[in-house]
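Participant: Dumping the structure here so I can ask a few things about it.
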Amino acid sequence: MLGDLIERRAERYILKHIREIQEMNATQRKLIARLIPSIEQALALIEPMAEELSTMQQEEQEKFDNLSDGLRQSERGQKIEEGANQLQECADKVQEAVDGLNEVASILGSIE
């Protein structure tokens, strides 16, 4: 008898917590569903930045590559090369952000 009582209470306790978990998961899924469009908006803003930075870097690198050896060693040549390197670093960082956001969106999309 005591065993049956304990079993019924344990069952009620478990069912209560399962319902709470299901409700919590439904709430989280709603939040996740709201996050995905925000991530997509962020991507729409920063993907063009990555492309633009990459284009600018290529242009600077091309300027440097088209300089004579003497001009490459000059202060002007060094500044062009440094600018190209910095633009590449920036383009890489922005692309990492794009890749990271795409990965987050993919993960969150699989949770929905």
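Participant: Do we find that Ile80 is over 26 Å from Asn102 (Cα atoms), at pLDDT 80 or above and aliphatic (A, V, I, L, M) in this structure? Even if it seems obvious, please write down each step before you answer.
Facilitator: Values: over 26 Å from Asn102 (Cα atoms): yes; at pLDDT 80 or above: yes; aliphatic (A, V, I, L, M): yes.
So Ile80 fits the description; yes.
Participant: Taking Glu96, is it in contact with a Lys or Arg (Cβ under 8 Å, 6 or more places away or on another chain), free of Cβ contacts under 8 Å to residues at least 40 places away in the same chain and either surrounded by fewer than 17 Cβ atoms within 10 Å (Cβ to Cβ) or charged (D, E, K, R) (or both)?
Facilitator: Working: in contact with a Lys or Arg (Cβ under 8 Å, 6 or more places away or on another chain): no; free of Cβ contacts under 8 Å to residues at least 40 places away in the same chain: yes; either surrounded by fewer than 17 Cβ atoms within 10 Å (Cβ to Cβ) or charged (D, E, K, R) (or both): yes.
So Glu96 does not fit the description; no.
Participant: List, please: which pairs have Cβ atoms under 7 Å, are six or more places apart or on different chains, and start with a residue in the range 35-51 that is more than 19 Å from Ser110 (Cβ to Cβ) and end with one that is of a type in the set (Gly, Ala, Ser)?
Facilitator: Correct list of pairs: Ile46/Ala97; Ala50/Ala91.
Participant: Within the range 35-88, how many residues are touching a Phe, Trp or Tyr at 6+ places or on another chain (Cβ under 8 Å) and not hydrophobic (A, V, I, L, M, F, W, C)? Spell out the reasoning first.
Facilitator: Initial filter on the range 35-88 (touching a Phe, Trp or Tyr at 6+ places or on another chain (Cβ under 8 Å)): 72, 77, 80-81, 84.
Those left that are additionally not hydrophobic (A, V, I, L, M, F, W, C): 72, 77, 81.
So the answer is 3.
Participant: Before we move on, is Ala105 part of a helix (DSSP H, G or I) and farther than 17 Å from Glu59 by Cβ? Write out each step before concluding.
Facilitator: Details: part of a helix (DSSP H, G or I): yes; farther than 17 Å from Glu59 by Cβ: yes.
Yes.
The values are calculated or read from the model by the stated rules, or taken from the named source; none is laboratory data. Since this is a predicted model, take the numbers as computed values, not measurements. Glycine gets a Cβ as well: all are built from the backbone with ideal geometry, and neighbour counts include every protein chain shown.
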